[in-house]
Amino acid sequence: MDVSGINNVSLEFLKYEDYEELKTAMISAYKTMPNAYWKGYHIQTLIEKFPEGQIIIRVNNQLAGCALSIVIDYNQFGENHTYREITGNFTFSTHDEEGDMLYGVDVFIKPEFRGLRLGRRLYDYRKELCEKYNLKGIAFGGRIPNYHKYINDLSPKEYIEKVRSREIHDPVLNFQISNDFHPVRILKGYLEGDEASNEYAVLLRWDNIYYEKPSKKATTKKKIVRLGLIQWQMRLYKNIDEVMQQAEYFIDAVSGYRSDFALFPEFFNAPLMADYNHLSEHEAIKKLAEYTSSFVNKFTELAISYNINIITGSMPEVRNNKLYNVGYLCKRDGTIERYEKIHVTPDEVKVWGMQGGSQLKTFDTDCGKIGILICYDVEFPELSRLLAEDGMDILFVPFLTDTQNGYSRVRLCSQARAIENECFVAIAGSVGNLPNVHNMDIQFAQSMVFTPCDFSFPTNGIKAEATPNTEMILIADVDIDLLRELNQFGAVRNLKDRRKDIFTLTKKS
């Protein structure tokens, strides 16, 4: 049909009164398969069981196409089934209102309406329906009607590979792949009487990136997450109480804006070493380490009372007579988790005698999975890639840098991590100076929140930025759903397009 002759295109729910027009359309669409049309009682059953799953598309008030669907419990059938089995011997008794997968029973466009991308509208409707009902995805057996031309030369698997590489054109399979459906396996003997496909079909799936496993808990994972970054001013404090008084001031401020996270910088409590300036640097920081358990206890209390997840930056800690750079995630539900700096800087080794940690993991929170890397660690891309492979959505980087050179390394590497791992990255550092603390004289920082660079994100990949070298808080909202969309539909897809056939990255257990 000439596009210029189209006055109206509409999607409508299928009604039984449409049956005779639907029958005519099915006969026209399936000319190579005589009698391949649904009877009136089939359509009546589908409409009664699942009215929202039966949709037609009209062009200039003519029925141009149709999509029929049911919901199934996918585990009952698995990935090796026939069309007869999936439809309950064509009774649709397999439809399950408590099921987890939308199954495509049929979809077609009349020949005279093909080329108008009407099929895409039907598939888009199915995807929206899938998201509405929180189903895992869409599955169906896709015919390969051109396979009969190659049956003597190619196995079904070889045929599909050649279709995917565009060596062979298959109008059905090409269309489905272009609409984000991925082949799962070959189904043998799927549709009786489908001679053109030699009764083979391709099990195709589309995964709902918004699917959430049903939970009995009275909580849901947040999609819009508010980050509170604390750009901490280094100043002298008399004791731990004064430090925590300032910390609580900032926690109160960011929680007042209903932030989900408060991020403190690396070694924010270093001013307390001023009392030990007469000792060697190594002994002074070991004295600072004696305060760590008290800080953790106080942060835990604040996380609960202010209803916010607190990332405590980092603090020195002695374990088994070894000195580590560690931090704690104090969740608002009262639980505590620990993280370690894996790569300590040459200066930390030389001046303080610090050891590198060995613990690397993601953390489950009420806002999804997060990762935390302390300063220098973000300059090693392997660490954040492992976290991304474990499902990390937000990477937090508490840092401490004295010069702009050091800060630029942290900033640029953090921004790269956001792009290559399709995640948000939040960095927070300290500003000011500590003339009475050895090895902590000056600080340079600009706290920021980075995003991937794609159409749904800022073009420069910067969601928010603080004023350089100024004590302040930075509040920013990040939308986790945008990461899911990027992973599936981004202009580039860094996580999906990795060449795992030529390299692998593994974490030692």
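Does TYR190 count as modelled with pLDDT of 90 or more and either of a type in the set (Val, Ile, Thr) or farther than 30 Å from ASP333 by Cβ (or both)?
In short, yes.
crowded, with 19+ Cβ neighbours inside 10 Å, assigned to a loop (DSSP other than H, G, I, E, B) and of a type in the set (A, V, I, L, M, F, W, C): does that describe LEU360?
The answer is yes for LEU360.
Name the single residue that is surrounded by the most Cβ atoms within 10 Å (Cβ to Cβ) among those in the stretch 33-64 being closer than 23 Å to ARG120 by Cα and out of contact with any strand residue (DSSP E or B) (no Cβ under 9 Å at 6 or more places or on another chain).
Among them, the one singled out is TYR37.
Here is a yes/no grid of residues against (1) on the phi < 0 side of the Ramachandran plot; (2) surrounded by 21 or more Cβ atoms within 10 Å (Cβ to Cβ); (3) in contact (Cβ under 8 Å) with a residue 60 or more places away in the chain:
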| site | (1), (2), (3) |
| --- | --- |
| CYS367 | yes, no, yes |
| ASP377 | yes, yes, no |
| ALA388 | yes, yes, yes |
| ASP393 | yes, yes, yes |
| PRO398 | yes, yes, yes |
| ASN405 | yes, no, no |
| ALA416 | yes, no, no |
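Here is a list of conditions, (1) modelled with pLDDT of 95 or more; (2) surrounded by fewer than 18 Cβ atoms within 10 Å (Cβ to Cβ); (3) within 26 Å of ASP441 (Cβ to Cβ), and ASP347 meets all of them except one; can you say which number that is?
(1)
Output yes when any residue across the stretch 443-453 is touching a residue at least 24 places away in the same chain (Cβ under 8 Å), out of contact with any Pro (no Cβ under 9 Å at 6 or more places or on another chain) and either among the small types (Gly, Ala, Ser) or surrounded by fewer than 16 Cβ atoms within 10 Å (Cβ to Cβ) (or both), and no when none is.
Scanning the stretch 443-453, I find no residue that is touching a residue at least 24 places away in the same chain (Cβ under 8 Å), out of contact with any Pro (no Cβ under 9 Å at 6 or more places or on another chain) and either among the small types (Gly, Ala, Ser) or surrounded by fewer than 16 Cβ atoms within 10 Å (Cβ to Cβ) (or both), so the answer is no.
Which one is surrounded by the most Cβ atoms within 10 Å (Cβ to Cβ) among residues in the stretch 454-485 that are among the β-branched types (Val, Ile, Thr) and under 26 Å from the mean Cα position of the chain (by Cα)?
Only one residue tops the list, namely VAL478.
Let me confirm something: among GLU192, GLU161, GLU167, GLU212, which residue is surrounded by fewer than 18 Cβ atoms within 10 Å (Cβ to Cβ) and not in a loop (DSSP other than H, G, I, E, B)?
Of GLU192, GLU161, GLU167, GLU212, the one residue that is surrounded by fewer than 18 Cβ atoms within 10 Å (Cβ to Cβ) and not in a loop (DSSP other than H, G, I, E, B) is GLU161.
Does ASN7 fit the bill of being closer than 16 Å to LEU63 by Cα, out of contact with any Cys (no Cβ under 9 Å at 6 or more places or on another chain), at pLDDT below 95 and in a loop (DSSP other than H, G, I, E, B)?
So ASN7 passes the test.
The values are calculated or read from the model by the stated rules, or taken from the named source; none is laboratory data. All values reported here derive from a predicted model rather than from experimental measurement. Reconstructed Cβ throughout: ideal geometry from the backbone, glycine too, with neighbour counts over all protein chains shown.
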